[in-house]
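Participant: Dropping a structure here in structure tokens format, bear with me for questions.
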Amino acid sequence: MLLISADLTFFLFHLLLKYTPRLAGVRMAIESDRGYAEVFQYIKEFWIAGLLVLLFVRTRRGAFLVWSFLFIYLLGDDSFMLHETWGAAIASSLGEGSFLHLRMQDYGELIVSSGVLLIFLIFLLPALRKCSRLTKQITMDLCLLIAMMAFFGVLIDMLHIVLFFISGSDILSLLKMEAR
């Protein structure tokens, strides 16, 4: 509950900054690179990965180790913009242009994210065959949370780009940023 409260606080600060011009605090804005909200996200990803490693050490269930690697990747991706960098490399091979207002860069990033998901599943599915019912339930819960994060962080992001001409698309921006 504490983590959700902190996320909601960052969201409220973002709204306050957006609609109160006198309050200039760029580091409090959700979309601010290396801002407080982003650093808080790094801390959460680090601790989630660490706790999953601890669960692996205590239970010897490989699924927890696989999950920890996913969160380590997410931390690295958020910190070093991995999917953007690798997506740009893929986009350069796709050529120039756009489709549905999405740049080749966007498609490159989707390809990278899909590849990471595929690699994750290749390791997770065999690990789940040897797991307890509780480990499988935890995995299902994590899958749901990751799916929600992907929905808001990827799908809403792409929808925001496609629907950029609609004045209400700022709402989509807030939804996407809060999902992080």
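The values are calculated or read from the model by the stated rules, or taken from the named source; none is laboratory data. The structure presented is a predicted model; accordingly, all values stated were derived computationally and were not measured. Positions of Cβ are backbone-derived with ideal geometry, glycine not excepted, and every protein chain shown enters the neighbour counts.
Participant: Kindly list, by first and then second residue, each pair from a residue in segment 56-70 that is farther than 10 Å from Phe123 by Cα to a residue that is outside any helix (DSSP H, G or I), limited to pairs with Cβ atoms under 9 Å and residues at least 6 apart or on different chains.
Facilitator: So the pair list comes out as Thr59/Cys131; Thr59/Ser132; Arg61/Lys130; Arg61/Cys131; Arg61/Ser132; Phe64/Cys131.
Participant: Here is a further query. Residue check: is Arg58 exposed (fewer than 15 other Cβ atoms within 10 Å of the Cβ), at pLDDT 95 or above and either among the basic types (Lys, Arg) or not in a helix (DSSP H, G or I) (or both)?
Facilitator: The answer is yes for Arg58.
Participant: Would you tally the residues in segment 95-115 being in contact with a helix residue (DSSP H, G or I) (Cβ under 6 Å, 6 or more places away or on another chain), of a type in the set (A, V, I, L, M) and part of a helix (DSSP H, G or I)?
Facilitator: Selection size over segment 95-115: 3.
Participant: Just for segment 3-28: of the residues that are surrounded by fewer than 11 Cβ atoms within 10 Å (Cβ to Cβ) and at pLDDT below 85, which one is farthest from Met149 (Cα to Cα)?
Facilitator: Arg22
Participant: Return the residues of segment 96-129 that are farther than 14 Å from Trp86 by Cβ and among the polar types (S, T, N, Q); say none if nothing qualifies.
Facilitator: Across segment 96-129, the qualifying residue is only Ser98.
Participant: Give all pairs with beta carbons closer than 6 Å in which a residue from segment 108-122 that is touching a residue at least 12 places away in the same chain (Cβ under 8 Å) and surrounded by 13 or more Cβ atoms within 10 Å (Cβ to Cβ) meets a residue that is part of a helix (DSSP H, G or I) and β-branched (Val, Ile, Thr); count only pairs at least 6 apart in sequence or on separate chains.
Facilitator: Within 6 Å, the pairs are Gly108/Ile90; Ile111/Ile90.
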